[in-house]
1. If the cut-off is a Cα-Cα distance under 16 Å, which aspartates and glutamates reach K370, setting aside same-chain residues fewer than 8 apart in sequence?
2. What does the charge add up to near V49, with Lys and Arg as +1, Asp and Glu as -1, over the other residues with Cβ less than 15 Å from its Cβ?
3. Could you point to the residue in Q404, S348, A372 farthest towards the positive end of segment 325-427's charge dipole, with +1 and -1 charges on the Cβ of Lys/Arg and Asp/Glu respectively?
4. Ignoring everything except DSSP H segments at least 4 long, calculate the 222 nm mean residue ellipticity for the chain; use -39,500 (n - 2.57) per segment, divide by total residues, nearest 500.
5. About the Cα centre of the chain, what is the dipole size in debye to 20, counting +1 per Lys and Arg Cβ and -1 per Asp and Glu Cβ, all else neutral?
6. For the pairs K274/K306; K228/K284; K14/K228; K284/K318; K306/K399, note any where the Cα-Cα span goes beyond 23 Å.
7. Could you compute the FRET efficiency for D441 and Q404, with r as their C-beta to C-beta distance and R0 at 45 Å, rounded to 0.05?
8. Under the classification rounded if a/c is under 1.5, otherwise prolate if a/b is larger than b/c and oblate if not, where does segment 2-239 fall, given a ≥ b ≥ c as square roots of the Cα gyration tensor eigenvalues?
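Read the figures in this text as sums done on the coordinates, not as results from a lab. Note that the coordinates shown come from a computational prediction; the quantities given were computed from them, not determined experimentally. FYI the Cβ positions are ideal-geometry reconstructions off the backbone, even for glycines, and counts take in every protein chain you see.
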Amino acid sequence: MGSSKTDSDAHAQKVRSVRQLFRKTMRGHGFVPADPFLIAFSGGLDSSVLLDLVTQYSDDPQNLVRVIHVHHGLNANADRWLLHCRDASRRLGLDFHGEHVDLDASGGNLEARARAQRYRVMLAHLRDHETLLLAHHRGDTVETFFLNLMRGAGARGLSGIPALVHRSGKRFFRPMQQLSKTEILDYATLSGLNWVEDESNANPRFDRNYLRHRVLPRLNERWPECDKMVARACQNLADTAALADETGGADLQAVAVEEHRPGSVHQLQLSREKLMRLTPLRRKNLLRYAFCQLAVYAPERRFLDKLLALVESGANNKRLSWEKWIVHAYDSQLFFYPAQGITPAANSIDWHLAAQPSVRWGGLLITADKAAQAELQIRPRRGGERLQLAGRAHSHALKALLQQWRVPPWERSALPLIWRGARLVAIPGYLQPADMAEAGDLADVRFHVQNVR
């Protein structure tokens, strides 16, 4: 009898300890029981424990907690898992959404593609002020460390899975990262939870499973606290990465050029002269940090080395491409812009100014601040254009003016030229009708341009 009571007390203490640690973690990151949450729920052990812990933590789970499940259709049991997740959520009175997605099983790196698609779906359903909660635990952090180690990652990659992430104005949080798999299993068993088993998790064909079942058990035999030590190392590396980001952010502010040209496609502009004043290590760190701000993740080391060589060479009008981004060295500056931002110039369009205060031309919205009885046409630059400025006796080649204004060559063909018959009357952002000879009834009209790509 005494032994049974002792066991019961020990079991209750295990459950209390996990709940206390969960509450401490949530509050430590600024989350309170009155906050709204969206739970990523696969129906497996880890997410089942997360679901139970959140409903215990929330002040009003029926109104504050929603559940989402992504059905990839890759497993014969996927329909059954969806029903399990729906029923488990309904028993708790929670709002549930199951999303079916199509994924080609024949493509490469199926695990990564499935994960990316899950995140896209979940973030799309995440409401304002909600936080997406994910069930990663300490073992996941350890596995990610070794996977990234085999890819030659730096401090950021080796720091494991970040607990709190802000992306595209939304945030997601992993509140179970301090729990081990054993603690999670004990909690689920002692709490009487039900969960589904994904048999693919035992397949060593997948890198993560190979680590989990073949490598890490051997390491734990030799070093029983291996997961704790690796998790500690990940935290140290996260601190190092955070310091590098802090330095990169400060350097970026010092090196960035604030220069807004109408219709410009670049999203970042750096002074090469100021960049060269930094030490090589800080220079590289700044470029890595800049790409992380633009593209969410850093480019590979080989590309950064090429980019550094381009900066240090002083080459002009040369560019490098990485993924969907282009870095262009021109006029002592570095311009960063998305490859899809450079689009062919729009076709010519007619603009009846009296009837239309604004008109869209390609990715630009062009607006006149006053109406006038004028039939205009917006055309792309074709080369050879000339214009006469007010107070000047002779005409000027537009090419020479664009060089004087330091407009990058790749942006020149996308400039909107406003014509009235055979006369160029304005280039929004650069020349207004009042700047031209013979402005006539357009002299008081000003044209403005806005990038709406």
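1. Filter leaves D441, D444.
2. Working: positive: K14, R16, R19, R23, R138, R174, K181; negative: D46, D52, D140, E183, D186, E197.
Within the 15 Å Cβ shell, the charges total +1.
3. The listed residue farthest towards the positive side: Q404.
4. Value at 222 nm, helices only: -12500 deg cm²/dmol.
5. In debye, rounded to 20, the chain gives about 1140.
6. Details: K274/K306 19 Å; K228/K284 32 Å; K14/K228 19 Å; K284/K318 19 Å; K306/K399 32 Å.
The answer is K228/K284; K306/K399.
7. 0.95
8. It comes out rounded by the Cα gyration axes.
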